[in-house]
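A short worksheet on the structure shown next.
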């Protein structure tokens, strides 16, 4: 029972870290802020984590694992590869500028030059996404949905565009409707896959 309680407390602390990072940011957050958000003492936070960097990295690992599970679930779906590419890239764009996950990743990116640990988490997350898109591109070629050869180049270009659209909308142009960003993402995806509007729509609309 003690182990279960301890594990739950640790999980509550990590959830609180994410909330505080989104609300306050890396630079200004303190262990006391995390303890307050988690409803525990600072001593308990220090019991589980020896330093603020360790606390932040542990929270990012948990958030990154959730992000990977999001993609893996889509990749495993029985829909067309095109529909799954659309879901991974367009489905991960923020619906509004206050999207917590994107605020978290933007904060994390800002620290990658200063923290090797955070840089490692972000590099692993990026590699997983690129690999997932490459897998879907190869599946689409095998299923004769489209014909592409520069799989890695396409995957890195599309993820870079998606990230740029998300950052732009989150930080600079929050009044732009989510549908506009998704339309721009889909236009790039159609172009890279060499699909016209009708062919793309047919593949995306194909039932499971």
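Could you please rank 82, 175, placing first whichever residue has the fewest other Cβ atoms within 10 Å of its Cβ? Write out the running numbers ahead of the final one.
Details: 82 27, 175 7.
Sorted ascending by nearby Cβ count, the order is 175, 82.
At a Förster radius of 45 Å, what calculated FRET efficiency corresponds to the Cβ-Cβ distance of residue 124 and residue 149, to the nearest 0.05?
After rounding, the FRET efficiency stands at 0.95.
Going by alpha carbons, how many degrees (0 to 90, nearest 10) lie between the helix axis of 100-110 and the longest principal axis of the chain?
Once rounded, the angle reads 80 degrees.
Using only C-alpha positions, report the orientation-averaged shadow area of the convex hull of the stretch 1-50, nm², one decimal.
3.2 nm²
Can you tell me the length gained on complete extension of the stretch residue 187 to residue 205, counting 0.36 nm per residue apart and subtracting the Cα distance?
On the way: separation 18, 0.36 × 18 = 6.48 nm, distance 1.62 nm.
Extending this stretch completely gives an extra 4.9 nm.
With a 10 Å Cβ neighbour count serving as the proxy for reagent exposure, in which order, fewest first, do 106, 118, 13 appear?
Final ranking by Cβ density, sparse to dense: 106, 118, 13.
Most fluctuating residue of 167, 18, 62 in a GNM of the chain with Cα springs under 10 Å: which is it?
Taking springs between Cα atoms under 10 Å, the residue moving most is 62.
Label points 7 Å out from Cα along the Cβ direction at residue 77 and residue 43: separation in nm?
About 4.9 nm separates the two model spin labels.
How far is helix 2-23 tilted, in degrees, relative to the longest principal axis of the Cα atoms in the chain, given as a value from 0 to 90 rounded to the nearest 10?
70 degrees
Label residue 24 and residue 96 with points 7 Å out from Cα along Cα→Cβ: what is the distance between them in nm?
2.4 nm
Hey, in the GNM for the chain with a 10 angstrom Cα cutoff, which one of 189, 172, 137 fluctuates hardest?
Largest GNM mean-square fluctuation: 172.
With everything on Cα atoms, drop me the angle between helix 81-90 and the longest principal axis of the chain, reported from 0 to 90° to the nearest 10.
40 degrees
How much length, in nm to one decimal, is gained on full extension between residue 178 and residue 54, taken as 0.36 nm per residue of separation minus their Cα-Cα distance?
41.2 nm
How much length is gained on full extension from residue 168 to residue 65, taking 0.36 nm per residue of separation minus their Cα-Cα distance?
Stretched out fully, the residue 168 to residue 65 stretch lengthens by 34.6 nm.
Explain nothing, just the number: relative contact order of the chain, from Cα pairs under 8 Å at least 6 residues apart, as a whole percent.
Result for the chain is 24 percent.
Over the alpha-carbon set of the stretch 160-208, work out the extent along each principal axis and list the three values in angstrom, largest first.
For the stretch 160-208, the Cα extents along the three principal axes come out at 34, 20, 17 Å.
Over all directions, the average projected area of the alpha-carbon convex hull for the stretch 100-208 comes to how many nm²? It would help to have the intermediate numbers written out before the result.
Details: hull surface 32.5 nm².
With the hull built on Cα positions only, its mean projection is 8.1 nm².
No lab work stands behind these numbers, since they all come straight from the coordinates. Please read these numbers as outputs of a predicted model, since none were measured by experiment. Ideal geometry is used to build each Cβ from the backbone, glycine not excepted, and the neighbour counts take in all protein chains shown.
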